[in-house]
Structure formats: C-alpha cells, structure tokens
Amino acid sequence: MAKLCVNVDHVATVRQARMITNPDPLEAALLAESAGAVGITIHLREDRRHIQDKDVPRIKKGINTKLNLEMALANEIVEIAHKVKPHQVTFVPEKRREITTEGGLDITKGRRKTKKIIDGFKDRKIVVSLFIDPDEDQIRVAHDLSADAIEINTGAYSEAGTKREIKSRLRKIEKGAILANNLGLATHAGHGLNVNNVGAIAAISTVEELNIGHSIVSRAIMIGFSSAVKEMIGAITTRIG
C-alpha cells in the first residue's frame, strides 16, 4: 500500500510572501505527521523561492519521520545536503522561470557527473531517488547509475483532459513502475496529484510512496492541515480497498 509523504514547500511560499516567520513549514510538517504522513518532503530551490537554507536542518531535526530533500544537481545544494544529511535526496530538474517543476530529470545526459554525485550521497548512507518521467530508457539509466529509487513524474497524467488520455498515461506509469520494481528500484510517484486522481496511482502495487504538496496545502486553507492530510490518506486507501 502506497504511503504519503507531504511536501510543505507551499507553506513556506505563503510565509515568504511577507518575509516573516509564519506560517511555519515545520509546524505544518508536524501536523502532517500526526495525521498519518510517513515522511516530509521539501525542495531547496536554487532561487530560494520558498524553503530557505535555515529551514532544512531545522525541519530535519524537528520532525519525527524522515526528510526527503528535493534538489537540483547544483554544487551549492549538494554541499548543503551533505552537511544536513537528510534520510533521502531526490534529484529534480530546475528552471529559474518555471512556476513549478516541468517534466522529469533527463538522466541520459551528464551521466558521469550524476553518478559522481549519487556515489557521494550513498557514501554518506543517504538514499538517492531520481524524479523522472515514466520512460523505459530513463528508468534503466537510473538503475545503471545505482540510484536507490525513482519518483515517477505524474504531471502528464494529472493534466490529461480525456478519459483516453488518462488511461494511456496511467498505463505508461504502471509499466514504468513494474520495470523499476523488476530492476530493484523502489518506486515513488508525485506531481499534480489530488484527492480526485490519486487513487489510480495509489492502486499500482509497486508504487511505495506518494509525494504530494500543493493540493494538500490548498485544501488546508479551507479545512485545516491535519484534516487535509487525513482526507488525502483516505483517498489513497479507499480506492485500494
């Protein structure tokens, strides 16, 4: 059964709108944990648009579950991650002008650099995951690079407009998850998931974790953070049963 890791980036987005201390992403993380989340995800972007450097060690120390640090393959961010030592790092692509992450990381390029960075984290006993599209070549390269896990980008599935598109994109994710499992990679998934579309992804038997943030934070404005996390867990587990 897929478990939920909650991304609290957009709690920090609201905080940074005023450049003050509230709302506190650590407080949101603790509420998520108390509501059933098995981990907390944050993305320290190069432009620091939401999560700040000081948040990373503070959240890592303050939470009771595991910290998944999303990050670009940038030397500055790598150094911070080495120092903080989160449970897991997830490599993601970054563009300064994008609103949110656009597509998965293309790990067929710059393989030597990526392998060196992966090895550095594995030497420090940090789990390494790669955020990639459900593409066979990408998944096989992830295995060749000795990643521990992949996170399948569900963005295209989440944005599908017709039943036919949804079915086609879901099938591609299923095939990718099966291949990853056969190669010994742990399989996570995320991007654009909400209570209305998460069930089909959660029902894929080889998907172990779901990383979900924006839809939970958005819903929390209306019903509260704990309730929004519980609502998402309910959507994940109901369709599995």
Notebook entry, point to check: Do the conditions hold for Leu210, that is, is it farther than 21 Å from Asp137 by Cα, touching a helix residue (DSSP H, G or I) at 6+ places or on another chain (Cβ under 8 Å) and part of a strand (DSSP E or B)?
Noted result: yes
Check: Does any residue of the stretch 197-220 turn out to be under 14 Å from Glu33 (Cα atoms), crowded, with 20+ Cβ neighbours inside 10 Å, more than 15 Å from the chain's Cα centre (by Cα) and in contact (Cβ under 8 Å) with a residue 40 or more places away in the chain?
Finding: no
Item checked: Filter result (crowded, with 19+ Cβ neighbours inside 10 Å and hydrophobic (A, V, I, L, M, F, W, C)) within the stretch 31-62 -> Leu31, Ala32, Ala35, Ala37, Ile40, Ile42, Leu44, Ile51, Val56, Ile59
Checklist line | Whichever residue in the stretch 162-195 is in a loop (DSSP other than H, G, I, E, B) and aliphatic (A, V, I, L, M) and, among such residues, is nearest to Ala147 (Cα to Cα) | finding: Leu185
Checklist line | So Ile40, is it assigned to a loop (DSSP other than H, G, I, E, B) and modelled with pLDDT of 95 or more | finding: no
Next item on the list: List every residue pair whose Cβ atoms lie under 6 Å apart, where the two residues are 6 or more positions apart in sequence or sit on different chains, the first residue falls within the stretch 150-177 and is within 21 Å of Val89 (Cβ to Cβ), and the second residue, located anywhere, is buried (at least 19 other Cβ atoms within 10 Å of the Cβ) and modelled with pLDDT under 95.
Entry: Asn153/Gly104
Item checked: Matching residues in the stretch 178-196 - criterion: being in contact (Cβ under 8 Å) with a residue 40 or more places away in the chain, farther than 21 Å from Lys167 by Cβ and surrounded by fewer than 24 Cβ atoms within 10 Å (Cβ to Cβ) -> Leu183, Gly184, Leu185, Ala186
Item checked: All positions within the stretch 145-161 that are of a type outside the set (Ser, Thr, Tyr), touching a Gly at 6+ places or on another chain (Cβ under 8 Å) and in a helix (DSSP H, G or I) -> Gly155, Glu159
Check: Can you name the condition, by its number, that Ile51 falls short on among (1) in a helix (DSSP H, G or I); (2) touching a helix residue (DSSP H, G or I) at 6+ places or on another chain (Cβ under 7 Å); (3) of a type in the set (Val, Ile, Thr)?
Finding: (1)
Check: With respect to Ile77, is the statement that it is of a type in the set (Val, Ile, Thr), assigned to a helix (DSSP H, G or I) and within 20 Å of Ile132 (Cα to Cα) true?
Finding: yes
Next item on the list: Look through the stretch 157-170, keep the residues that are within 12 Å of Ile201 (Cβ to Cβ) and of a type outside the set (A, V, I, L, M, F, W, C), and return whichever of them is surrounded by the most Cβ atoms within 10 Å (Cβ to Cβ).
Entry: Tyr157
Check: Does Ala142 fit the bill of being touching a Leu at 6+ places or on another chain (Cβ under 6 Å), assigned to a loop (DSSP other than H, G, I, E, B) and on the phi < 0 side of the Ramachandran plot?
Finding: no
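The values are calculated or read from the model by the stated rules, or taken from the named source; none is laboratory data. Remember, it's a predicted structure, so these values are computed and weren't measured experimentally. Note: ideal-geometry Cβ built from the backbone for every residue, glycine included; neighbour counts use all protein chains shown.
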